[in-house]
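Just below is one structure, and these are the notes that go with it.
The values are calculated or read from the model by the stated rules, or taken from the named source; none is laboratory data. Because the structure is a prediction, the values reported are computed rather than measured. Positions of Cβ are backbone-derived with ideal geometry, glycine not excepted, and every protein chain shown enters the neighbour counts.
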Amino acid sequence: MTMPEEFALKQTAPKIVGSGFIRGGDKLVCAYDLVEQMEYLYVRVVKVRDLPAKDLNSSCDPYVEVRLGNYRGVTKHLEKTSSAVWNLVFAFEHDQLQSSHVDIIVKDKDLVLDDFIGSLTFDLVDIPRRDPPDSPLAPQWYRLDEKKGEKVKKGRSWLRFGKGLKRMRPSRMLGILMRPRLGVMESRGFGGRLPEVCVKVICGSQAIRTRINRGVNLAWNEDLVFVVAEPFEEPLIMTVENKDEVLGRCVVLLSTVVKRLDNKAVPAKWLNLERHSGEAVKKEVTFASKIHLRVSLDGGYHVLDESTYYSSDHRPSSKLLWKSSVGLLEVGIISATGLLHMKTTKDGRGTTDAYCVAKYGSKWIRTRTIIDSGSPRWNEQYTWEVFDLCTVITVGVFDNGHLQGGKDASIGKVRIRLSTLETERVYTHSYPLVVLKPSGVKKMGELHLAVRFSCSSYLNMLHKCTHPLLPKMHYVHPLSVMQLDALRHQAIQIVSSRLGRSEPPLNKEAVEYMLNVGSHIWSVRKAKANFVRVMGIMSGVMAIAKWFDQICQWRNPFTTLLIHILVVILVLYPELVLPTFFLYLFFIGIWNYRWKPRHPPHMDIRLSHADAVGHDELDEEFDTFPTSKAPDLVRMRYDRLRSIGGRIQSVVGDLAMQGERFQSLLSCGASLPIRQAFDLQEIIGAKNTDKLVSIEHVVQHSSY
């Protein structure tokens with residue numbers, strides 16, 4: 001089944017300049033070659049002073065309005081001051097200028113009608129050009145004019161003008177996330193039998209307790225894992241507690257902790273505990289109690305992305321284990337078209353203030369916000385170093401809701417897998433922004449991107465393909481599922497906090513959308529999609545089984561004869577089994593290369609069952625956790641889940657039985673465990689069969 005044309009990927013041909021170098025000052029600078037060069041008129045409103053009083057209390061509430069044709073930019077008003085400072089920059093695209101002059105108007109904010117204070121008018125031909133484009137222009141004071149052309153007796157404005165190419169916004173770099181592993185072994189020196197003793201470890205906002213130990217010998221032998229980011233801001237604070245009583249504490253600075261780079265165990269050491277005297281004014285006193293710890297910074301895990309399949313970085317946490325890069329990824333965020341209105345203005349008109357966020361590895365970037373446009377043009381280009389081809393870059397589009405005091409709303413996102421890109425080729429496509437709403441699958445617009453992957457060393461790239469996907473420590477000292485979920489939650493909190501302090505801030509809702517927070521909630525649609533994916537994989541195994549059956553029945557005598565000859569050769573020369581197997585896989589790959597897609601794969605609504613999901617299933621997927629629905633609806637969904645779980649249980653039971661048969665075959669005639677089969681009606685009675693029929697009627701639309 002083909003995907004509808006509305007949600008298909010479209011190849012484009014933007015007007016981008018050729019690659020090369022330009023001279024900037026006294027050195028060569030790489031030219032933009034994935035996006036169009038755009039000229040802007042910049043107006044920086046710095047400050048005003050000595051403004052005349054306009055209110056009855058001999059003061060004014062000034063603000064500045066910048067007008068250029070139909071475009072208008074306004075600063076916020078400051079209350080009761082005659083000297084205000086804004087330091088704001090207004091940028092107007094040069095190709096869309098509808099006037100030959102720019103007006104700067106200073107007004108006083110009032111409840112009914114704003115009072116005019118003064119204005120300035122500048123011709124665009126008189127505004128100097130910045131050369132080079134990033135060089136600042138010197139601001140200066142301007143005397144404000146009245147309406148009749150006369151100078152205002154009091155009042156000056158400090159402004160800066162300039163024309164030139166847009167300045168690339170600096171990228172955001174996050175500190176490397178690392179995992180402190182704290183092995184709590186035992187504690188001594190308390191004396192006597194203590195009822196309930198545990199060790200509580202705090203690292204920033206993370207707090208983990210060991211199990212409760214009851215006895216004289218206080219031994220735990222547990223590993224506690226946290227997430228921290230460089231530079232380290234918080235220490236490890238350990239307290240030994242007996243119920244609500246703190247017996248002792250110690251502090252470990254992460255800057256002094258040993259970094260474990262391999263699977264060798266870090267030697268443990270005894271640390272002295274400090275006892276609280278019970279009074280806040282007294283200092284802590286050292287006593288004879290000690291705690292036996294093994295503290296290390298594990299450098300081989302990655303827990304930020306939602307799964308290994310969508311990970312953007314497979315490098316170890318420790319920089320000492322990093323290998324050289326295999327290439328350079330360049331992404332040009334060109335424009336978006338057909339964006340839907342995300343909010344409503346005060347006059348009832350729909351609007352969208354769009355910006356883009358791109359994430360790859362520890363580097364996040366954010367484009368500028370295009371105000372009130374359903375077809376914004378950014379034309380911004382960014383680069384990332386690539387260390388592994390089996391990674392994914394994510395580009396999200398958001399509506400800036402903070403301009404009206406709300407939250408940022410997600411419009412859609414695009415994922416591009418680097419392994420699907422050919423080296424040195426520029427991919428220019430328009431990606432549909434497809435999201436799943438409570439009303440069904442919906443197209444929010446299209447995002448126009450230009451992507452290029454340049455390989456710096458083919459030898460390093462081939463060498464990387466021979467290594468495991470994740471660092472060695474991930475397999476030698478694996479983390480449990482519960483630990484991974486907890487660590488990922490804490491990692492998202494750290495990333496959100498740090499990006500929220502950047503300028504301009506990247507809000508928490510945007511970070512959570514980029515990292516797919518809440519994607520592990522149960523969904524019937526996802527269960528169906530995953531079942532179809534598993535059956536698609538098993539179809540290859542079934543095809544091999546049918547082909548083997550045809551060989552056994554001599555459907556094609558020539559093929560059967562060749563297979564028998566091959567089996568005889570492998571029996572006589574068993575060392576050729578593995579080479580033959582890998583040679584066969586190699587020929588299969590060469591044969592399937594003919595159908596390799598010529599463009600990056602994109603979201604398939606057929607594969608995710610987004611186009612065939614029912615209203616009730618969508619309502620369940622978008623329900624809150626815990627649920628906010630009525631008890632009758634929750635009971636119906638629970639019965640449906642029991643039906644689906646029963647079928648999965650039967651499939652798992654059949655697989656277990658086949659495995660037990662194979663195990664019995666290898667155990668040289670050992671008895672096969674007898675599978676106890678119980679009839680459902682014999683257990684619950686024939687009187688409840690009508691209820692089972694009604695349940696099947698409820699869940700029949702959710703069958704696989």
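Some points to look at:
- Restricting the search to strands (runs of 3 or more DSSP E) fully inside region 180-250 and requiring at least 1 residues that are polar (S, T, N, Q) and either assigned by TED's automatic domain parsing to the domain that holds ASN272 or in contact with an Asp or Glu (Cβ under 9 Å, 6 or more places away or on another chain) (or both) gives 206-209, 213-215, 218-225, 236-242.
- Yes/no for GLY401 being assigned by TED's automatic domain parsing to the domain that holds TRP364, surrounded by fewer than 17 Cβ atoms within 10 Å (Cβ to Cβ) and not acidic (Asp, Glu): yes
- Against the numbered list (1) at pLDDT 85 or above; (2) surrounded by 15 or more Cβ atoms within 10 Å (Cβ to Cβ), HIS94 comes up short only at (1).
- Every test in (1) surrounded by 13 or more Cβ atoms within 10 Å (Cβ to Cβ); (2) modelled with pLDDT of 85 or more is passed by ARG425 save one, and that test is (1).
- Breaking point among (1) within 30 Å of SER457 (Cβ to Cβ); (2) touching a strand residue (DSSP E or B) at 6+ places or on another chain (Cβ under 6 Å); (3) not in a loop (DSSP other than H, G, I, E, B), for LEU320: (2)
- For region 349-392, a residue qualifies if it is under 11 Å from ASP313 (Cβ atoms) and surrounded by fewer than 21 Cβ atoms within 10 Å (Cβ to Cβ), and the qualifying residues are SER362, LYS363, GLU385, PHE387, CYS390, VAL392.
- Counted residues, region 251-268 - those being in a strand (DSSP E or B) and not hydrophobic (A, V, I, L, M, F, W, C): 2
- Those helices (runs of 4 or more DSSP H) of region 471-544 in which at least 3 residues are under 18 Å from the mean Cα position of the chain (by Cα), considering only elements entirely within it, cover 481-500, 508-514.
- Region 373-389, residues that are over 30 Å from HIS341 (Cβ atoms) and not in a strand (DSSP E or B): PHE387, ASP388, LEU389
- Selection status of ARG635, closer than 30 Å to THR391 by Cβ, among the charged types (D, E, K, R) and free of Cβ contacts under 8 Å to residues at least 40 places away in the same chain: no
- For region 619-646, the set of residues classified as touching a helix residue (DSSP H, G or I) at 6+ places or on another chain (Cβ under 9 Å), closer than 12 Å to TRP522 by Cβ and surrounded by fewer than 16 Cβ atoms within 10 Å (Cβ to Cβ) consists of THR627 only.
- Check on MET461, outside any strand (DSSP E or B) and either among the charged types (D, E, K, R) or closer than 21 Å to VAL386 by Cα (or both): yes
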